[in-house]
Amino acid sequence: MLGAVVPAHAEEMLKISLSEFEDKVRGAMAGQMAGVTFGDPTEFKWRGEIVDAELQWTPEMIKDALDQDDVYVEMTFIEVMDKYGLDATIDQFGEAFRDSRYEVWHTNAAGRRHLFHGRTGGMSGHPKNNIHVNDIDFQIESDFIGILSPGMPLSAIELCDRVGHLMSYGDGFYGGVFVAGMYTRAFFEKDAAKVLQAGVDCLPKGSGYRACIEDVIATHKKYPDDWKECWRQINARWDKNESCPEGALEPFNVSALINGAYIAIGMLYGEGDFSKTIEISLRCGQDSDCNPSSAAGVLGAMYGYKALDNRYGNGSSERNWIGYLPTFADEDFFYTKYSFNRFVDSAIKLTKEAVKRSGGEVRDDMLIIPKRDPVPPKLEQWSMGVPIETINHDDSAWKWKGEWEVRPKRSYYSPASRISYEGGNEATLEFNGTAVAIAGMLQQRYGGMVDIYLDDEIVARVDAYIPKDTTDKDLWHTYGLEDGPHTVRIVTLDERHPKAKGSWIRIEYAKVYREE
């Protein structure tokens, strides 16, 4: 339970006035909004490279945060807590996330898809079903958990478990724990390095995510004045072996781990300066809107809205980051019922309840919170292995039977592929490795069904129908095979989901992996 009382004695108490807490909540959300909209023009345009472009900003750009998944997904989860209270279950969070109407990709898309097809209790975020579990999505939407848990890392970690496992597992899950953990300290600390360490302390030893962030800290100590050298060394060690089929063997890396490292680089080399932190996290590249958003949100909680507005708002001689925000603070984030102001009101209400549950008090204009050390979640790790080969649909390793239309590349989201429009067609792939992923854009209206045979045994029936505004390519994947030759046979079916308008199956390529 969020804020559950932990027996303790002679505890140190953290204190923060309600007015200061409200100001810091506003600063946290404003920071996220500034960071994500500043970085949006560069998102994934620099992959494995430092962003060397001239960066543009106008105060009005911050309004684009209303249509950013870094922020609007949080509103779904805060609404669940307003409806069901602090004890909202993973399935209650899942039901709301399943029925949300905004656009989602990667981890979130696969999570929503599997929730739609009835996988509850965290199975929507299990690697058996979701190949994207190490990707960044929970990391970019766990801010609200830290905001609701000032000085309460135990509460933050427990709530992360109920939300994060809807779409994530292992290092993807730990990315959200890390960000939320930083927030819990940021309400009471002005040293960015100490705030960063608070996030690390919430992570289990032995996890790849913790090892990566600790490597950033160690490399920063070695090169305290050269963030680019730190970036180069971290990239050389950690920007590899992405499980996501779109990133495997490609410069594209949407994993929580490497993008979390870029948050950490911004936090350390930004030295607590808001603008500097945002810019460094952005210039690290890859998911260069999400990473400055997370870093800026944490700094917003450290300093508060008023401090940001005084320095970075109206009349600022530097970039005017948040001065335009009051003009739309009551407008809802897209496809939600929550505005900036309504989020703040809900966060304050829920935090008061959580503080009481933790054994603290809400006295006059003061939150009084028992200071407790975090207890990291249990260790869970997963990977498809080392990607070793891409087998495109036109490779001789594929054999096609029946009617498959060959489609040329039309765009990034519509690469060359083969499509079956009816049942009774077959595609057979021979590969050599310990894991394989079959990729093809799933259909929002026309997705059909297939039976999957692995080494002549039927292993799965896959429904390729996907809800609207849900973008995913993971037709099917498997891992943990004996190293050696294997055969996958895909048989299209006439049977389809009741909401599907057709029986389309698209195959673009396969990615093959071998255990590390």
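Would you be able to say whether some residue in region 241-263 is more than 24 Å from residue 180 (Cβ to Cβ), assigned to a loop (DSSP other than H, G, I, E, B) and of a type in the set (D, E, K, R)? Yes: region 241-263 contains one or more residues that are more than 24 Å from residue 180 (Cβ to Cβ), assigned to a loop (DSSP other than H, G, I, E, B) and of a type in the set (D, E, K, R).
From the list 157, 140, 145, the lone residue that is at pLDDT 95 or above, in contact with a Leu (Cβ under 6 Å, 6 or more places away or on another chain) and within 27 Å of residue 305 (Cβ to Cβ) is 145. For region 463-483, residues that are surrounded by 20 or more Cβ atoms within 10 Å (Cβ to Cβ), of a type in the set (A, V, I, L, M, F, W, C) and either over 27 Å from residue 386 (Cβ atoms) or out of contact with any Gly (no Cβ under 6 Å at 6 or more places or on another chain) (or both) total 3.
Here is the figure for region 32-66: residues that are of a type in the set (Asp, Glu) and closer than 18 Å to residue 103 by Cα total 3. Being more than 30 Å from residue 243 (Cβ to Cβ) and touching a residue at least 24 places away in the same chain (Cβ under 8 Å) is not true of residue 379. Residue-level analysis places residue 442 outside the set of residues that are closer than 30 Å to residue 329 by Cα, touching a helix residue (DSSP H, G or I) at 6+ places or on another chain (Cβ under 9 Å) and crowded, with 19+ Cβ neighbours inside 10 Å.
Looking at region 360-385, which of its residues are more than 19 Å from residue 201 (Cβ to Cβ) and out of contact with any Gly (no Cβ under 9 Å at 6 or more places or on another chain)? Selection gives 361, 362, 363, 364, 365, 366, 384. Which one is surrounded by the fewest Cβ atoms within 10 Å (Cβ to Cβ), of the residues in region 60-74 that are of a type outside the set (A, V, I, L, M, F, W, C) and touching a Phe, Trp or Tyr at 6+ places or on another chain (Cβ under 9 Å)? By that ranking, first place goes to 60. Of the residues in region 291-308, at least one is under 30 Å from residue 508 (Cβ atoms) and either surrounded by 24 or more Cβ atoms within 10 Å (Cβ to Cβ) or assigned by TED's automatic domain parsing to the domain that holds residue 177 (or both).
Cβ-Cβ distances below 6 Å connect the following pairs, each with a first residue in region 66-84 that is in contact (Cβ under 8 Å) with a residue 24 or more places away in the chain and β-branched (Val, Ile, Thr), a second residue that is assigned to a helix (DSSP H, G or I) and surrounded by fewer than 21 Cβ atoms within 10 Å (Cβ to Cβ), and a separation of six or more residues or different chains: 76/96; 78/346. Among the conditions (1) free of Cβ contacts under 8 Å to residues at least 60 places away in the same chain; (2) assigned to a loop (DSSP other than H, G, I, E, B); (3) over 24 Å from residue 249 (Cβ atoms), the only one that residue 396 does not satisfy is (3). Can you tell me which residue in region 414-439 is nearest to residue 404 (Cα to Cα), limited to those that are surrounded by fewer than 20 Cβ atoms within 10 Å (Cβ to Cβ) and polar (S, T, N, Q)? Among them, the one singled out is 428. A search for C-beta distances below 6 Å between a residue of region 422-451 that is more than 17 Å from residue 106 (Cβ to Cβ) and assigned by TED's automatic domain parsing to the domain that holds residue 486 and any residue that is aromatic (Phe, Trp, Tyr) and surrounded by fewer than 18 Cβ atoms within 10 Å (Cβ to Cβ), counting only pairs 6+ apart in sequence or on different chains, returns 427/400. Checking each residue in region 1-42 for being modelled with pLDDT under 95, small (Gly, Ala, Ser) and more than 24 Å from residue 87 (Cβ to Cβ) picks out only 10.
Of the set (1) not in a loop (DSSP other than H, G, I, E, B); (2) not assigned by TED's automatic domain parsing to the domain that holds residue 235, all apply to residue 315 but (1).
The values are calculated or read from the model by the stated rules, or taken from the named source; none is laboratory data. Everything numeric in this text was worked out from a predicted model, so none of it was measured. Because the Cβ atoms are built from the backbone with ideal geometry, glycine has one as well, and the counts that use them run over all protein chains shown.
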